[in-house]
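The values are calculated or read from the model by the stated rules, or taken from the named source; none is laboratory data. Here the structure is a predicted model, which is why all the values come from computation and not from measurement. Counting neighbours? That spans all protein chains shown, and the Cβs are built from the backbone with ideal geometry, glycine included. Accessible surface is based on the protein model in full, side chains and every heavy atom, while ligands, DNA and RNA are left aside. Shrake-Rupley method; radii C 1.70, N 1.55, O 1.52, S 1.80 Å.
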Amino acid sequence: MTDRVVAIIDGNSLVHRAYHALPPTMTAPDGTPTNAVFGFTSMLVKMVSDLRPYGVVVAFDCGKPAFRTEVLERYKVQRPPTADELKVQFPLVKKVLEALAVPIVESPGWEGDDVLGTLAEFGKAAGVRVLLVTGDRDALQLVEDGAVEVVSTRKGITDIVVYDEAGVKEKTGVTPAQIPDYLGLKGDTSDNIPGVPGVGEKTAAKLIAEYGSLEEVLAHAEEIKGRLGENLRTNAEEARASKIVATIRRDVPVQLDLGGVCWGTWRAEDVLRVFTALSFTTLVDRVFATAPAVEEAPPSLEEVAVRATAEGPDAVTRLRAYIAGGPEAWLGVALDDGAGETLFPAEARVLAVAVPGETVVVRGEEADAVLGELVSRARIAAWDAKEALQPLCPPGEAVHACPHPLDALDPARLFGCDVAAYLLESNRSSYELPRLVEEYLGRRLAESADAGERAAARASAVAELQPVLAERLEADGSLECFERIEMPLVPVLVRMENIGVGIDASILDDLAADVSGQIEALRSEILELAGVDFNVDSPKQLGEVLFDKMQLPAGKRTKTGWSTDASVLGPLCESFPICARVMEYRELTKLRSTYIDALPRLLGPDGRLHTTFNQTVASTGRLSSSNPNLQNIPVRSDLGRRIRAAFVPPDRDELMVAADYSQIELRILAHLSDDPGLIEAFTSGADFHTATAARVFGVAPASITPEHRRRAKAVNFGIVYGISAHGLSESLQVPRDDAQAMIDRYFDAYPLVREYLDRVVAEAHRDGYAVTMFGRKRRIPELNSANHNLRGFGERTAMNHPMQGTAADVVKLAMAEVDRRLRSEGLASRMVLQVHDELVFEAPPAELERLSAMAAEAMTAVVALKVPLEVHVSSGTDWAAAK
């Protein structure tokens with residue numbers, strides 16, 4: 001999780017609060033009421049001024065989910081219709097937000113709470129800390145320390161309070177995860193959620209504290225005496241329905257790159273125009289005072305010239321004739337709809353294509369036909385090339401069998417502006433089109449409320465960006481990496497995202513029940529070891545118990561209290577069982593919330609999981625995945641394997657197949673360093689880590705113990721990442737002097753490795769970047785830092801990038817080649833996942849031998865090294881069994 005913070009505002013909640021807090025006499029010059037608009041804007045400015053989020057997003061209600069009214073007919077039926085004086089202000093609030101360049105997110109048939117929950121999950125996946133700004137206490141269930149906090153107004157409209165997990169427990173008496181259980185018991189009169197008669201806040205909190213969940217309370221209702229027990233038994237179904245209705249969903253069909261959201265990107269003239277029209281001139285200076293203290297493009301910048309926009313049958317005919325002429329100029333392509341999104345029904349689609357002289361706008365299903373023609377003949381430039389191709393491969397539609405429109409695409413005719421900018425500056429956090437236009441063209445992207453005009457502006461901007469970025473890539477030496485690795489990968493990722501991967505939700509349901517029991521058992525054991533009752537999920541309370549009450553050694557203070565992160569608790573686990581139990585508890589609760597509970601909610605209509613593969617996130621060049629992130633499921637833990645066991649082919653007669661590079665980064669190190677000893681260790685046929693142990697410890701291979709091999713393995717992989725003696729000592733739990741001696745013996749055994757790494761660091765200091773075998777650069781500004789720790793980080797980054805980045809390049813090349821052969825050889829097997837150095841397939845048993853041989857052959861042949869690349873291929877009925 002980074003320090004980047006994005007505030008997500010519950011628009012309906014704050015607009016209603018503002019409406020009731022300020023007098024209705026406030027109006028615009030035309031007489032329109034503006035008290036809610038003014039109050040909302042004041043709260044927004046105050047929140048940004050106090051909390052200083054990097055970005056701001058506002059979510060709005062857009063109906064009620066059917067599942068809530070199906071479960072509870074009376075849900076919110078008591079709420080009176082929105083007053084006309086308030087109803088007319090919502091469009092004005094949105095005008096203010098548009099002037100401030102704040103993204104608005106809503107989805108038909110979903111409430112704002114559910115949008116907040118979904119965006120909070122996006123934030124966690126993107127490594128962005130989220131502040132949920134709302135007056136609705138239901139949102140407290142979304143709080144997660146270090147990831148999600150809730151900001152609420154305490155009184156009036158500008159006095160705010162921030163809730164972390166400890167704050168939620170103090171406020172309600174229960175943990176965030178227990179809020180739905182709590183509401184299921186006490187109900188919520190504002191939403192007409194009944195709960196159980198006679199159960200108020202204190203009783204609900206007491207019952208949940210005693211039994212842990214609503215289900216357990218109801219299971220023990222017979223043991224509860226008096227009227228309370230009778231009410232629990234009589235109203236059990238109402239309570240269960242209340243919990244379902246009160247549970248915030250986190251799978252709303254919306255899209256937003258939270259990492260690219262940035263406050264302060266407005267145009268000054270837009271703010272002045274809207275605020276003046278509303279007579280909010282007193283707020284203008286307050287708004288401008290919150291702008292980030294970074295150099296922004298001046299408001300006087302000219303907009304990118306939008307080519308003359310044409311629409312209609314004649315324009316489409318001209319466009320098709322131009323496309324039929326074959327690839328000449330790069331054509332700027334942009335997709336949009338009325339909401340500014342890109343994944344939407346074909347009938348709502350808007351496609352804009354910037355050809356020389358004009359931009360043609362094509363709407364509806366005809367846009368797909370034109371897109372198919374572009375793919376087969378034209379040179380396509382888009383901001384996000386993968387996104388531009390997705391309409392050809394909607395999730396759940398068969399794309400693997402040949403032929404498919406995507407098969408006609410030559411990657412040499414594809415240009416992704418975001419990927420180009422990423423290769424030029426891989427350590428940036430965002431590659432949004434407006435920023436690229438400002439930085440590379442020195443102008444601004446034209447804005448419009450009309451989808452066609454907006455798409456036309458983006459297509460025109462892309463057409464101008466393409467030659468500028470291409471020239472920069474060539475001058476930078478990054479064009480080969482772009483053309484050989486990144487663009488050929490785009491259609492591969494489109495196909496993989498479309499195909500998805502099979503999940504057996506029943507396995508996860510069984511696992512959830514089992515893990516919940518383990519979590520509760522661990523919680524009880526932790527409390528018993530502590531000798532005091534406290535909130536195990538609160539780092540603050542845990543730190544006080546461990547380091548104040550129990551007086552454990554090696555405590556580390558932070559601004560908010562004792563640190564209880566893994567670096568502190570890990571070394572204490574062997575001596576203090578409570579620390580080991582806490583580490584186990586945290587792993588289980590994280591895996592339960594991140595995967596066991598979340599994955600079933602993310603399944604598509606086809607019953608498969610469609611993750612998103614990201615090319616522009618990891619500065620190393622590796623792919624990442626999001627919604628959900630499948631890169632972090634533990635490989636070696638029992639629970640991680642059980643989660644992977646839920647990944648199965650929908651046809652249970654088929655197999656999961658895993659093809660995994662063996663020690664690819666170390667093999668690349670042997671190639672790059674040209675160290676004869678390291679090369680021999682890989683070419684001799686002996687176990688590599690055993691061979692290293694023999695050299696490092698001066699022991700004959702036959703006498704190497706498992707402990708020798710374990711230590712040699714840690715040194716091998718540590719060297720790739722520039723590990724220090726301190727880091728190795730912590731990893732192996734040995735004295736620092738012993739760790740340094742092991743590193744010294746390693747470099748004595750492989751002297752050219754030391755020379756190579758020293759040379760790489762020196763070149764990075766000279767050039768400001770490190771580079772892979774394929775020209776992928778990683779700029780390292782930390783090398784110039786006066787801070788010793790930051791400079792050391794930069795040097796370690798310079799050491800590992802040639803190996804880690806080259807490995808990423810090789811995997812991407814392999815993915816493109818394997819995808820090509822799957823299609824050209826007519827295999828029914830599907831490549832469904834890529835995780836680090838591993839490719840995962842679903843395959844019919846009859847193709848297992850053929851697929852295994854093809855994958856191994858393709859993956860080992862994509863690059864020639866001085867040592868052989870090895871690929872291990874294995875299979876099983878599920879992903880875990882395949883490993």
Exercise for the section: Return a yes/no flag: does the range 766-781 have any residue that is buried (at least 17 other Cβ atoms within 10 Å of the Cβ), part of a helix (DSSP H, G or I) and among the aliphatic types (A, V, I, L, M). Expected result: no
Problem - Residue pairs meeting the criteria (Cβ under 7 Å; at least 6 apart or on separate chains; first at pLDDT below 80, in the range 176-197; second of a type in the set (Lys, Arg)) - result: ASP191/LYS76; ASN192/ARG74; ASN192/LYS76
Problem - Subset of the range 507-527 that is small (Gly, Ala, Ser) and under 30 Å from ARG652 (Cα atoms) - its residue that is least open to solvent (accessible area, probe 1.4 Å) - result: ALA512
Handout entry: Which listed residue, of PRO24, PRO53, is modelled with pLDDT under 90 and either of a type outside the set (Phe, Trp, Tyr) or open to solvent by 10 Å² or more (accessible area, probe 1.4 Å) (or both)
Key = PRO24
Fill in the blank from the handout: Considering only strands (runs of 3 or more DSSP E) wholly within the range 79-189, the ones with at least 2 residues that are more than 15 Å from ALA7 (Cα to Cα) are 148-155
Completion exercise
Of the residues in the range 272-308, those that are open to solvent by 80 Å² or more (accessible area, probe 1.4 Å), more than 30 Å from VAL361 (Cα to Cα) and at pLDDT below 70 come to ALA293, VAL294, GLU295
Practice task
Name, by its number, the condition in (1) touching a strand residue (DSSP E or B) at 6+ places or on another chain (Cβ under 9 Å); (2) open to solvent by 10 Å² or more (accessible area, probe 1.4 Å) that does not hold for THR359.
Solution key: (2)
Handout entry: Residue within the range 637-648 that is surrounded by fewer than 21 Cβ atoms within 10 Å (Cβ to Cβ), more than 21 Å from ARG778 (Cα to Cα), among the hydroxyl-bearing types (Ser, Thr, Tyr) and touching a helix residue (DSSP H, G or I) at 6+ places or on another chain (Cβ under 9 Å) present
Key = yes
Handout entry: Long-range neighbours under 6 Å by Cβ, at least six apart or interchain, first residue open to solvent by 70 Å² or more (accessible area, probe 1.4 Å) within the range 738-750, second among the charged types (D, E, K, R) and assigned to a helix (DSSP H, G or I)
Key = none
Handout entry: Residue list for the range 411-433, filter: in contact (Cβ under 8 Å) with a residue 24 or more places away in the chain and surrounded by fewer than 21 Cβ atoms within 10 Å (Cβ to Cβ)
Key = PRO411, ALA412, ARG413, LEU424, GLU425, ASN427, SER429, SER430, GLU432
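Tell me, which strands (runs of 3 or more DSSP E) lie completely within the range 608-702 with 3 or more residues that are in contact (Cβ under 8 Å) with a residue 12 or more places away in the chain and of a type outside the set (Phe, Trp, Tyr)?
Working: elements: 612-614, 624-626, 655-661.
Output list reads 655-661.
Under the condition of being more than 29 Å from the chain's Cα centre (by Cα) and touching a residue at least 24 places away in the same chain (Cβ under 8 Å), which residue from the range 442-455 is surrounded by the fewest Cβ atoms within 10 Å (Cβ to Cβ)? Before the answer, list the steps.
Looking only at the range 442-455, we keep the residues that are more than 29 Å from the chain's Cα centre (by Cα), and these are 442-443, 450, 452-453.
Adding the requirement that they be touching a residue at least 24 places away in the same chain (Cβ under 8 Å) leaves 442-443, 452-453.
On the way: GLY442: 11, ARG443: 16, GLY452: 20, GLU453: 19.
Residue satisfying both the conditions and the ranking: GLY442.
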Practice task
Return yes or no: is VAL399 open to solvent by less than 10 Å² (accessible area, probe 1.4 Å) and at pLDDT below 90?
Solution key: yes
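Of the residues that sit in the range 782-835 and are farther than 28 Å from ASP878 by Cα, among the charged types (D, E, K, R) and without any contact (Cβ under 8 Å) to a residue 60 or more places away in the chain, which one is surrounded by the fewest Cβ atoms within 10 Å (Cβ to Cβ)? Show your work before the answer.
Residues of the range 782-835 that are farther than 28 Å from ASP878 by Cα, as a first pass: 782-806.
Subset that is among the charged types (D, E, K, R): 782, 791, 795-796.
In the following step, the residues that additionally are without any contact (Cβ under 8 Å) to a residue 60 or more places away in the chain were identified as 782, 791.
Numbers: GLU782: 18, ARG791: 16.
Per the stated criteria, the residue is ARG791.
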Exercise for the section: Go through the range 724-735 and give me each residue that's on the phi < 0 side of the Ramachandran plot, in a loop (DSSP other than H, G, I, E, B) and in contact (Cβ under 8 Å) with a residue 40 or more places away in the chain. Expected result: SER724
Problem - Failed item, numbered, when TRP330 is tested on (1) open to solvent by less than 20 Å² (accessible area, probe 1.4 Å); (2) closer than 23 Å to GLU439 by Cβ; (3) at pLDDT 90 or above - result: (1)
Exercise for the section: List every residue pair whose Cβ atoms sit under 9 Å apart, with the two residues 6 or more apart in sequence or on different chains, where the first one lies in the range 38-58 and is farther than 24 Å from PRO23 by Cβ and without any contact (Cβ under 8 Å) to a residue 12 or more places away in the chain and the second, anywhere, is open to solvent by 10 Å² or more (accessible area, probe 1.4 Å) and of a type in the set (D, E, K, R). Expected result: none
Fill in the blank from the handout: From the option list ALA139, ALA126, single residue qualifying as crowded, with 24+ Cβ neighbours inside 10 Å, more than 29 Å from ARG267 (Cβ to Cβ), small (Gly, Ala, Ser) and touching a strand residue (DSSP E or B) at 6+ places or on another chain (Cβ under 8 Å) is ALA139
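How many residues are assigned to a loop (DSSP other than H, G, I, E, B) and modelled with pLDDT of 90 or more if we restrict to the range 357-396?
3
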